[in-house]
Structures are given as C-alpha cells and as structure tokens.
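The values are calculated or read from the model by the stated rules, or taken from the named source; none is laboratory data. This structure is a prediction, so every number in the text was calculated from the model and none was measured. Cβ placement follows ideal geometry from the backbone for every residue including glycine, while neighbour counts extend to all protein chains displayed. Note: areas computed on protein heavy atoms with side chains; ligands, DNA, RNA excluded. Shrake-Rupley method; radii C 1.70, N 1.55, O 1.52, S 1.80 Å.
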Amino acid sequence: KNEVEQSPQNLTAQEGEFITINCSYSVGISALHWLQQHPGGGIVSLFMLSSGKKKHGRLIATINIQEKHSSLHITASHPRDSAVYICAVSGTGAGSYQLTFGKGTKLSVIP
Amino acid sequence: DAGVTQSPTHLIKTRGQQVTLRCSPISGHKSVSWYQQVLGQGPQFIFQYYEKEERGRGNFPDRFSARQFPNYSSELNVNALLLGDSALYLCASSLYITGELFFGEGSRLTVL
C-alpha cells in the first residue's frame, strides 16, 4: 500500500511569493496527480505526470521518480490561489486503478 | 460541454437508512470512480468502473456498492448507514481507465 505524505500541512504566504508544496510516496507509481480543492469541495485536476516537469501558467509540477518525490510550485502567488492542494498517486499493474491521496496542503495567500 | 454532474448535492439521512448517489460523467468518458472525503482528510478511493465493469475497489465494507450503466453514468449505494459515513462523496470521470480526472462538485452526506 502506497503512503503519500505532503508537506507542509498548512502554508501562509504573502501575495507575490514563490510557493513550494512537496509530496513523497513510498512505492513505485504509474502517475502522480496534483489537485486543487476550493472551500465547498469541488476538485480540479492541475497536473498528471509520470516523469519530468510540466508547466501551466504560474504553476509548475516536477517529479523525481528515483527519489519518489514531487513538488508543486506557484510563482507570483495570488489570493485566488488560496485552496487545498492534494497530491494523489496511481499504483502500478492492477493497482493503477486505485488512487492514494495525501491529506492535502492548505494554502492561504494574503494580499 | 457539461462537466461531471452529481446528485443530490446535499442530503441528510439517519442511521440504518440507505442512500443512493448519482454521477453523470463528461460525455465520451467511459471511466467513473468514486471517493469518500471525511472532513479535514484527503479523499479515499471507493470504486472504479470502466466500460460497465468494476476495475478497482478500495478498503470499504460490503455496505458500499456501485454500478455503471450503459450510458456510463454511475450510482453509489450505501446501506445501513453509520454516523461515520458522513462525508463528501466525490465522483470523477476520465476518458480511459487511467488518465486525467475530472471531478464533480460532490454529494455531501450527513448521517444523524
């Protein structure tokens, strides 16, 4: 069973700051997802990656398969980035259908 | 195009009752998965269905069941509700059995 750990659990930043959220997992995966959840519950998929780096606007996600580690970076943070960011991993083989989630990182960006 | 839709959005039940939650995937998506999110925790995987067959099941008791219909919509059923079943139930669809997930807004269940 994969264990997914995120850090930090809570993060407060000033508007404009560069933010990093980390995710570590314990066993090999087929893919890693970064998700954003706003108050009220709706979840939006930000990235799905299995190697390297992806960029979308001010968001950058990287993954190091050997280290079993991924980071989500937000450049020039804005109050609208305030949300819970969740890392989730897909297993390999038959387990690839089952996502294991981290507990999330609650980000608050202050104007 | 409509996103993933779930119904009902909120519901209140009492212990021992049964509940059915519904999910309509994005048009063309053949995979639907269900997740339970207890307040303050990350989601937990319950089921995945692809092409109307169960392809994965999380560590949930047999009180939880689901099915996928020919139009790829899905239902999650929970019998003999317990207080601990109070949670946000999320549905996600994807084009293939693995791939980018698109989530609905969830069904918030309160068991009294």
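If you check B:96, B:89 for being surrounded by fewer than 16 Cβ atoms within 10 Å (Cβ to Cβ), out of contact with any helix residue (DSSP H, G or I) (no Cβ under 7 Å at 6 or more places or on another chain) and within 14 Å of chain A (Cβ to nearest Cβ), only one passes: B:96. Residue count for the stretch A:29-43 under the criterion of being surrounded by 13 or more Cβ atoms within 10 Å (Cβ to Cβ) and in a loop (DSSP other than H, G, I, E, B): the result is 4. Among the residues making up the stretch B:7-30, those that are over 21 Å from residue B:84 (Cβ atoms), in contact with an Asp or Glu (Cβ under 8 Å, 6 or more places away or on another chain) and in a strand (DSSP E or B) are B:22, B:23. Residues in the stretch A:14-28 that are farther than 28 Å from residue A:93 by Cβ and part of a loop (DSSP other than H, G, I, E, B) were compared, and the one that is farthest from the other protein chains (Cβ to nearest Cβ) is A:16.
Scanning the stretch A:14-27 for residues that are out of contact with any Pro (no Cβ under 7 Å at 6 or more places or on another chain), open to solvent by 40 Å² or more (accessible area, probe 1.4 Å), touching a residue at least 60 places away in the same chain (Cβ under 8 Å) and closer than 22 Å to residue A:76 by Cβ yields a count of 3. Contact map, the stretch A:28-45: first residue of a type in the set (D, E, K, R), second residue open to solvent by less than 10 Å² (accessible area, probe 1.4 Å) and part of a loop (DSSP other than H, G, I, E, B), Cβ cut-off under 6 Å, separation 6 or more or different chains; the map is empty. Just to be sure, is residue B:69 open to solvent by less than 40 Å² (accessible area, probe 1.4 Å) and without any contact (Cβ under 8 Å) to a residue 40 or more places away in the chain? Considered against the rule, which asks whether it is open to solvent by less than 40 Å² (accessible area, probe 1.4 Å) and without any contact (Cβ under 8 Å) to a residue 40 or more places away in the chain, residue B:69 comes out as no. Of all residues in the stretch A:48-99, those satisfying the criterion of being of a type in the set (A, V, I, L, M) and touching an Asp or Glu at 6+ places or on another chain (Cβ under 7 Å) are A:48, A:74.
Checking the stated criteria, residue A:11 turns out not to satisfy the condition of being of a type outside the set (Phe, Trp, Tyr), within 11 Å of another protein chain (Cβ to nearest Cβ) and surrounded by 13 or more Cβ atoms within 10 Å (Cβ to Cβ). Identify all residues within the stretch A:49-75 that are within 14 Å of residue A:21 (Cβ to Cβ) and either free of Cβ contacts under 8 Å to residues at least 40 places away in the same chain or open to solvent by 40 Å² or more (accessible area, probe 1.4 Å) (or both); write none if there are none. Passing the criteria: A:58, A:59, A:60, A:61, A:62, A:63, A:69, A:75. Residue count for the stretch B:8-23, restricted to those that are open to solvent by less than 50 Å² (accessible area, probe 1.4 Å) and over 19 Å from residue B:62 (Cα atoms): 3.
Residues in the stretch A:74-81: is at least one at the interface with chain B (Cβ under 9 Å from one of its Cβ atoms), among the small types (Gly, Ala, Ser) and outside any strand (DSSP E or B)?
no
Applying the set (1) at pLDDT 95 or above; (2) in contact with a Leu (Cβ under 7 Å, 6 or more places away or on another chain); (3) open to solvent by less than 60 Å² (accessible area, probe 1.4 Å) to residue B:43 leaves exactly one unmet item: (1). Taking the conditions exactly as written (more than 13 Å from the chain's Cα centre (by Cα) and within 12 Å of chain A (Cβ to nearest Cβ)), does residue B:107 satisfy them or not? Spelling it out, it is not the case that residue B:107 is more than 13 Å from the chain's Cα centre (by Cα) and within 12 Å of chain A (Cβ to nearest Cβ).
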